[in-house]
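Written below as C-alpha cells is the structure these notes are about.
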Amino acid sequence: MTTTAVELDPAIKAYVDQQLELIRERQPDNRVTLVVFSGDLDRQLASLVIATGAAAMGLDVSIFYTFWGLSALKKRTTLAGKSLKEKLFALMTPRRPGRMPVSKLNFGGMGRVMLKTMMREKQVASVEELFDMARQMDVKLIACTMSMDVMGITKDELIDGVALGGVATFLGDAARSRVALFV
Amino acid sequence: MTTTAVELDPAIKAYVDQQLELIRERQPDNRVTLVVFSGDLDRQLASLVIATGAAAMGLDVSIFYTFWGLSALKKRTTLAGKSLKEKLFALMTPRRPGRMPVSKLNFGGMGRVMLKTMMREKQVASVEELFDMARQMDVKLIACTMSMDVMGITKDELIDGVALGGVATFLGDAARSRVALFV
Amino acid sequence: MTTTAVELDPAIKAYVDQQLELIRERQPDNRVTLVVFSGDLDRQLASLVIATGAAAMGLDVSIFYTFWGLSALKKRTTLAGKSLKEKLFALMTPRRPGRMPVSKLNFGGMGRVMLKTMMREKQVASVEELFDMARQMDVKLIACTMSMDVMGITKDELIDGVALGGVATFLGDAARSRVALFV
C-alpha cells in the first residue's frame, strides 16, 4: 500500500501527515506501567503476573516501585551508616518479595506459607520466579528515589539492573501507556 | 459529509484511510476495565459503583475478579474434593460481597453492619443490589482462572453467567479501555 | 505548515478533517485523574506526590476523594445534627491528612510519627504542604457526594474550594485522561 503514497500530490501528503502527527503525539505506546506501592506478597504477585503477562503479549512494561513496594528490590539490608530511625525502618520492612506478608489471613506468617505452598502445588510460578522472568523479559524496574531517600535505602542495597527515578519518570511512562495501574 | 468522500481521487482516499487505520488500531474502545483484587466490602462497593455508573453512561464494562476479590462471585462453598489447605482457604474467605469485612473500623464485623445500615438509611443501593444491577446492565464478570486454581475454587462454586479468563483476557480488555483501574 | 493547507482542494481537506475529528473525539486530554479511596497517610501521600508532580509537568489534575479518602477534605467535625451512627463514624475517622494512620507498621500511631519525622529530616514536603501545593497548582479536588451522604458529612465540614461530584463526574474526567489511578 505504501506505493500509493508516492503517487500523491506532495501538498496533500504533507497536510495529511502533519495532521496525523499531531494525533500520534498523544497516542499511547504499546506500554503498560505499574506503580507498586504495596509491600504485601499477594499484591506484589498480582503486579508480577500482570507485568510478565503484558511482556509475553509483546507490550513494553515498566514497574515503578515506591513506598513499601520498594522492598521487592532490596538484595540486602545495610545498617552501617544509617540513622536509628532508618535502622528501625530497615529491620521492620521485609527484604525481597519471598519474605513479604500477605494482606489478608496473615496469622503471623501462616498466610504466606499457605499461599506459597498452594502455588507450588498448583505449579504456579512463585513470586521469585515471576520476578526473574520479568527481568529476563526486559521489564523495566524503577526504584522511587524519594522513597529511598525517606527510608534511607542506598543504591547498593538494591538488586542489580534497577533504574532510579522520580515521579516525573513514572508519569512520563504512564502518560504514554495503554494501561497504568496503582497496585 | 460522506458524499464528499466519493468525489475524491481514490489514491488520496486510500492513503488517508490507510494512515487513519493505523491510528484507530491503537484507539481505545468506549470501555472501562476493573481488576478487583480486594475482598473488602468497601472496595467491592467502590468497584460496583464505578462499574454501574460507567454502564449507565453507555460504556462497556469488564470486571476481572482475582485473588480475594474472587469471593464476590462465589455462590456456595463446596468442601468435597478439596485438599485440606483448599478447605481452610475456602472456610476463611467470605462468600458473596454481603458477607465481606470492611478494610477499616472492622471491630469483628461491626464496621460491616454499620456501613450497611447507614447505606440502607440513606437509600444507597447495597452491594448485592449493585451487583445485580451490574449483571442486568451487561457488565462482563470474569473470574481469574489462576486464582481459582490456586485457591481450589471450581466453576460450579461460582454464580451463573461468569466468564473465565486469565491475565491475557484482562490485558486484552484493559489495553482497549479508556479507563482501567486496580481496586 | 498551515499555509500548505489553504492550497489544498477543499473536498480533500474536508474529508481529512472530518475523519480526524472522529479520531480526536476519543483522544485523551493532557489530564491525570486519581480516585483516592484510602484514608491511610502513606497512600494519601503517594496520591499527592503524583498529583503535584503531574501539575508541575503541565498536566491538568483531578483528585476524586471517596470513602475513607474523604477525610483529607475535612476541616472540622460537626456532631450537631448527626445521627448516633454518623457521630460514631465521624469520631472514628481522622480529620485532615496529618492525623491519618499509616497502612503498615502503625503501632498505635508510632508509624505515622516516624514517617513524618523521617520526611521532615529528609526535607520531603509533608502531606499538609503537598496538599497546599496541590491547591495552589489548581489541582481540582472533588468530594464524592455519595460518600458524604452515607457518612453524614456536610459541605461545611469540608475545606473551601472543594467541588462536589458523583461517579459520573469522576468517569467524565477519567475517560478523558492519559492516566487514571485508583489509590
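The values are calculated or read from the model by the stated rules, or taken from the named source; none is laboratory data. Keep in mind it's a predicted model, so treat the numbers as computed, not measured. No Cβ is skipped: glycine too gets one built from the backbone with ideal geometry, and neighbour counts run over all protein chains shown.
Mind listing whichever residues of the range A:59-84 are farther than 25 Å from C:T117 by Cα and either at pLDDT 95 or above or at the interface with another protein chain (Cβ under 10 Å from one of its Cβ atoms) (or both)?
Residues of the range A:59-84 farther than 25 Å from C:T117 by Cα: A:59-63, A:75.
Those that are farther than 25 Å from C:T117 by Cα and either at pLDDT 95 or above or at the interface with another protein chain (Cβ under 10 Å from one of its Cβ atoms) (or both): A:L59, A:D60, A:V61, A:S62, A:I63.
Just give me the residues in the range A:116-132 being crowded, with 17+ Cβ neighbours inside 10 Å and either touching a strand residue (DSSP E or B) at 6+ places or on another chain (Cβ under 7 Å) or in a helix (DSSP H, G or I) (or both), in sequence order.
Those that are crowded, with 17+ Cβ neighbours inside 10 Å and either touching a strand residue (DSSP E or B) at 6+ places or on another chain (Cβ under 7 Å) or in a helix (DSSP H, G or I) (or both): A:K116, A:M118, A:M119, A:V127, A:L130, A:F131.
Consider A:A11 carefully, then state whether it is at pLDDT 90 or above and in a helix (DSSP H, G or I). Quick ask: steps written out before the conclusion?
On the way: at pLDDT 90 or above: no; in a helix (DSSP H, G or I): yes.
No, not satisfied.
One residue is enough: does the range C:34-41 have a residue meeting the conditions modelled with pLDDT of 75 or more and more than 12 Å from chain A (Cβ to nearest Cβ)?
Yes, there is a match, as at least one residue in the range C:34-41 is modelled with pLDDT of 75 or more and more than 12 Å from chain A (Cβ to nearest Cβ).
Taking the stated definitions as given, is C:S47 part of a helix (DSSP H, G or I) and of a type outside the set (A, V, I, L, M)?
On the way: part of a helix (DSSP H, G or I): yes; of a type outside the set (A, V, I, L, M): yes.
So C:S47 passes the test.
What is the number of the single condition among (1) facing chain C (nearest Cβ under 7 Å); (2) crowded, with 21+ Cβ neighbours inside 10 Å; (3) not β-branched (V, I, T) that A:R178 does not meet?
(1)
Could you please let me know if C:V113 is surrounded by fewer than 16 Cβ atoms within 10 Å (Cβ to Cβ), of a type in the set (V, I, T) and modelled with pLDDT under 70? Break it down stepwise before answering.
Details: surrounded by fewer than 16 Cβ atoms within 10 Å (Cβ to Cβ): yes; of a type in the set (V, I, T): yes; modelled with pLDDT under 70: yes.
Considered against the rule, which asks whether it is surrounded by fewer than 16 Cβ atoms within 10 Å (Cβ to Cβ), of a type in the set (V, I, T) and modelled with pLDDT under 70, C:V113 comes out as yes.
From B:D60, B:D42, which residue is crowded, with 21+ Cβ neighbours inside 10 Å, touching a residue at least 60 places away in the same chain (Cβ under 8 Å) and among the acidic types (D, E)?
Details: B:D60 fails: crowded, with 21+ Cβ neighbours inside 10 Å.
Result: B:D42 is the single residue among B:D60, B:D42 that is crowded, with 21+ Cβ neighbours inside 10 Å, touching a residue at least 60 places away in the same chain (Cβ under 8 Å) and among the acidic types (D, E).
Which residues, counting only those in the range A:150-175, are more than 8 Å from chain C (Cβ to nearest Cβ) and in a loop (DSSP other than H, G, I, E, B)?
A:I153, A:T154, A:I159, A:D160, A:G161, A:V162
Within the range C:14-29, is even one residue more than 7 Å from chain A (Cβ to nearest Cβ), part of a helix (DSSP H, G or I), of a type outside the set (D, E, K, R) and under 15 Å from the mean Cα position of the chain (by Cα)?
No, because not a single residue in the range C:14-29 is more than 7 Å from chain A (Cβ to nearest Cβ), part of a helix (DSSP H, G or I), of a type outside the set (D, E, K, R) and under 15 Å from the mean Cα position of the chain (by Cα).
Considering only residues of the range A:63-86 that are in contact with a strand residue (DSSP E or B) (Cβ under 7 Å, 6 or more places away or on another chain) and in a loop (DSSP other than H, G, I, E, B), which is surrounded by the most Cβ atoms within 10 Å (Cβ to Cβ)? Can you show your working first?
Filtering the range A:63-86 for residues in contact with a strand residue (DSSP E or B) (Cβ under 7 Å, 6 or more places away or on another chain) gives A:63-66, A:69-70, A:72-75.
Now restrict to residues that are in a loop (DSSP other than H, G, I, E, B): A:66, A:75.
On the way: A:T66: 27, A:K75: 12.
Only one residue fits best here, namely A:T66.
Output the residues belonging to the range B:126-183 that are of a type in the set (V, I, T), more than 13 Å from B:S62 (Cβ to Cβ) and out of contact with any helix residue (DSSP H, G or I) (no Cβ under 7 Å at 6 or more places or on another chain).
Within the range B:126-183, B:T145, B:T154 meet the criteria.
Take the range C:42-58 and flag every residue that is more than 7 Å from chain A (Cβ to nearest Cβ) and among the hydrophobic types (A, V, I, L, M, F, W, C).
Within the range C:42-58, C:L45, C:L48, C:A51, C:A55, C:A56 meet the criteria.
Taking interchain pairs and intrachain pairs at least six residues apart, which have beta carbon atoms under 7 angstrom, with the first residue in the range A:1-16 and surrounded by 15 or more Cβ atoms within 10 Å (Cβ to Cβ) and the second modelled with pLDDT under 65 and small (G, A, S)?
A:K13/A:A5; A:Y15/C:A5
Could you say whether any residue in the range A:135-146 is among the charged types (D, E, K, R), part of a helix (DSSP H, G or I), at pLDDT 90 or above and under 13 Å from the mean Cα position of the chain (by Cα)?
Quick first cut of the range A:135-146, residues among the charged types (D, E, K, R) only: A:135, A:138, A:140.
Within this subset, residues satisfying the condition of being part of a helix (DSSP H, G or I) are A:135.
Checking the rest, the ones that are also at pLDDT 90 or above come to A:135.
Going one step further and asking which of them are under 13 Å from the mean Cα position of the chain (by Cα), we end up with A:135.
Within the range A:135-146, one or more residues are among the charged types (D, E, K, R), part of a helix (DSSP H, G or I), at pLDDT 90 or above and under 13 Å from the mean Cα position of the chain (by Cα).
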